[in-house]
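Beneath this line is the structure, given in structure tokens, with notes to follow.
The values are calculated or read from the model by the stated rules, or taken from the named source; none is laboratory data. Since we're looking at a predicted model, the values are computed, not measured. Note: ideal-geometry Cβ built from the backbone for every residue, glycine included; neighbour counts use all protein chains shown. The protein model used for the area step is the full one, side chains on, heavy atoms only, and it has no ligands, DNA or RNA in it. Shrake-Rupley method; radii C 1.70, N 1.55, O 1.52, S 1.80 Å.
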Amino acid sequence: PPPLQLFVISTYSRFDNLAHGPFGTESKFGLYTYGFNSSSGTMTLLSVTGSDVVNPAFSRMHRDKNIIYCCTEDIEQNGRVLGYRIEENGALKKIADVDASGTSTCYLTLTNSSHMIVANYWNSTLVTLPVLPDGTLGSKIATYDPNEGREMKAKTGSHVNHSHAIVVDPFEGVIAYVPDLGCDLIRQFFFNKTTGAFTPLSAIPSGLGQGTPDGPRYIDFHPTLPIAYVINELSSSIAVFKIDTQKISEIASQTADGEPLSDDNKDIQTMKMIQNIATIPSAFPLELNTCGRICSHPSGRFVIVSNRGHESISILKVSSSKGRAGTLSQVGFFHTFGFTPRHFQFDQSGQFLIVANQDSDCVNIFSFNLSTGELKFTGNKYHCPSPNFVQCVGGLKEED
């Protein structure tokens with residue numbers, strides 16, 4: 001029999017301390033571990049854990065160390081970053097629990113320099129944590145706070161800083177990109193790989209500036225092209241950016257020996273918008289939808305987005321033609337057979353899509369056509385209370 005792939009799905013366990021209001025069921029256990037069979041497209045629940053964890057809502061896998069890290073989402077208390085070692089039977093064993101130094105923690109990135117960088121949505125701080133050799137986490141070694149310690153009271157969309165993600169460029173690892181959902185900007189920082197410190201650079205609008213909020217949520221890099229895709233949560237659009245890899249290489253060279261970034265480089269711009277394309281049908285009202293996740297398919301041929309409200313997955317094809325490489329065209333919209341598809345993840349074959357429908361308490365399995373990009377519901381649907389994130393954590397060998 002084929003080996004089972006392991007997926008960890010995080011869930012919301014408390015609604016009254018979130019920046020948004022889920023409509024599903026509060027979970028009693030934060031983390032659900034499933035085995036996924038890629039021949040049948042079916043899942044089996046192997047373990048539940050995290051009865052002591054409030055709102056685990058984003059996770060990141062460290063494959064070299066066989067550890068999954070997740071963060072907790074809370075606008076009242078500082079978030080926590082937790083680490084779990086994955087046991088042979090699919091159980092999770094907690095090995096790390098540190099302060100995220102900010103509220104409503106929403107994003108984790110592992111860098112190549114033994115650092116984890118963290119974005120805290122509610123007060124917009126960026127934090128660097130050391131990843132120790134055994135996979136545990138140390139206390140913060142660097143923080144960037146655009147509010148300079150002032151208490152955050154404003155709501156989303158009121159033109160205040162709301163950092164929703166932090167991703168380091170995949171070319172040199174020296175530019176950190178931060179979608180600021182509150183200010184409709186993609187902020188760029190020099191990331192010092194030695195000290196973990198952030199130096200603000202320039203910012204660029206995340207949309208077309210047509211007078212309505214864009215709300216940049218996530219940024220995803222194409223696996224082979226110098227292209228980045230930004231999902232605008234509020235305007236239901238994807239902004240496609242060409243990345244200036246030469247400028248990034250110049251910054252990496254100038255700072256290679258631990259030298260600080262020179263002042264004349266602090267206004268440097270490393271991205272340029274080349275396209276903006278909708279994620280929902282033109283006739284569907286913008287105010288009835290917010291976007292969730294965006295990602296490139298591992299093949300690099302498609303980009304996938306979830307629509308919360310339209311209750312769909314949008315599939316877009318990536319152009320490979322000269323002069324338009326990386327730009328997108330719409331393939332289609334596919335219903336998720338559930339409400340509020342907050343997150344999704346491909347299996348390791350790239351042929352199945354696991355979708356977390358947050359507000360209908362279910363995880364649904366779809367088959368993905370690698371040639372056409374078409375999604376088809378397999379009919380496999382699993383009860384899971386308020387699922388918000390799906391993480392593939394590796395394989396599990398079945399017994400003979």
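T33 - would you say it is over 27 Å from P179 (Cβ atoms) and modelled with pLDDT of 95 or more? The answer is yes for T33. Count of the stretch 228-271 residues, restricted to those that are within 20 Å of the chain's Cα centre (by Cα) and among the small types (G, A, S), is 5.
Restricting attention to the stretch 276-301, report how many residues are in contact with a strand residue (DSSP E or B) (Cβ under 6 Å, 6 or more places away or on another chain) and either farther than 30 Å from E250 by Cβ or surrounded by fewer than 18 Cβ atoms within 10 Å (Cβ to Cβ) (or both). Residues flagged as in contact with a strand residue (DSSP E or B) (Cβ under 6 Å, 6 or more places away or on another chain) and either farther than 30 Å from E250 by Cβ or surrounded by fewer than 18 Cβ atoms within 10 Å (Cβ to Cβ) (or both) within the stretch 276-301 amount to 10. Of the residues in the stretch 354-367, how many are touching a Lys or Arg at 6+ places or on another chain (Cβ under 9 Å) and open to solvent by 10 Å² or more (accessible area, probe 1.4 Å)? Final tally of qualifying residues: 2.
In this structure, I166 does not satisfy being over 23 Å from L234 (Cα atoms), modelled with pLDDT of 95 or more and under 15 Å from the mean Cα position of the chain (by Cα). Where strands (runs of 3 or more DSSP E) fall wholly inside the stretch 205-313, the ranges with 3 or more residues that are farther than 19 Å from F344 by Cα are 237-243, 271-278.
Tell me yes or no: at least one residue of the stretch 65-72 is hydrophobic (A, V, I, L, M, F, W, C), under 21 Å from L110 (Cβ atoms), buried (at least 18 other Cβ atoms within 10 Å of the Cβ) and without any contact (Cβ under 8 Å) to a residue 40 or more places away in the chain. Within the stretch 65-72, none of the residues are hydrophobic (A, V, I, L, M, F, W, C), under 21 Å from L110 (Cβ atoms), buried (at least 18 other Cβ atoms within 10 Å of the Cβ) and without any contact (Cβ under 8 Å) to a residue 40 or more places away in the chain.
For S306, the test of being touching a strand residue (DSSP E or B) at 6+ places or on another chain (Cβ under 8 Å) and touching a residue at least 12 places away in the same chain (Cβ under 8 Å) is passed. Applying the criterion of at least 2 residues that are at pLDDT below 95 and among the hydrophobic types (A, V, I, L, M, F, W, C) to the strands (runs of 3 or more DSSP E) found wholly in the stretch 335-400 leaves 387-396. Can you spot a residue in the stretch 235-257 that is exposed (fewer than 15 other Cβ atoms within 10 Å of the Cβ), within 25 Å of S319 (Cβ to Cβ), in contact with a strand residue (DSSP E or B) (Cβ under 8 Å, 6 or more places away or on another chain) and modelled with pLDDT of 95 or more? Within the stretch 235-257, not a single residue is exposed (fewer than 15 other Cβ atoms within 10 Å of the Cβ), within 25 Å of S319 (Cβ to Cβ), in contact with a strand residue (DSSP E or B) (Cβ under 8 Å, 6 or more places away or on another chain) and modelled with pLDDT of 95 or more. Selection of the stretch 85-103 for residues being open to solvent by less than 30 Å² (accessible area, probe 1.4 Å) and closer than 25 Å to K193 by Cα yields A96, V98, A100, S101, G102, T103.
One line per residue, one yes/no per condition, for (1) of a type in the set (K, R); (2) in contact (Cβ under 8 Å) with a residue 40 or more places away in the chain; (3) in contact with a Pro (Cβ under 8 Å, 6 or more places away or on another chain):
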position	(1), (2), (3)
S206	no, no, yes
D220	no, yes, no
L225	no, yes, no
N232	no, yes, yes
K242	yes, yes, yes
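Taking first residues from the stretch 326-353 that are more than 12 Å from S314 (Cα to Cα) and buried (at least 18 other Cβ atoms within 10 Å of the Cβ) and partners that are modelled with pLDDT under 95 and hydroxyl-bearing (S, T, Y), the Cβ contacts under 6 Å between residues at least 6 apart in sequence or on separate chains come to D347/S38.
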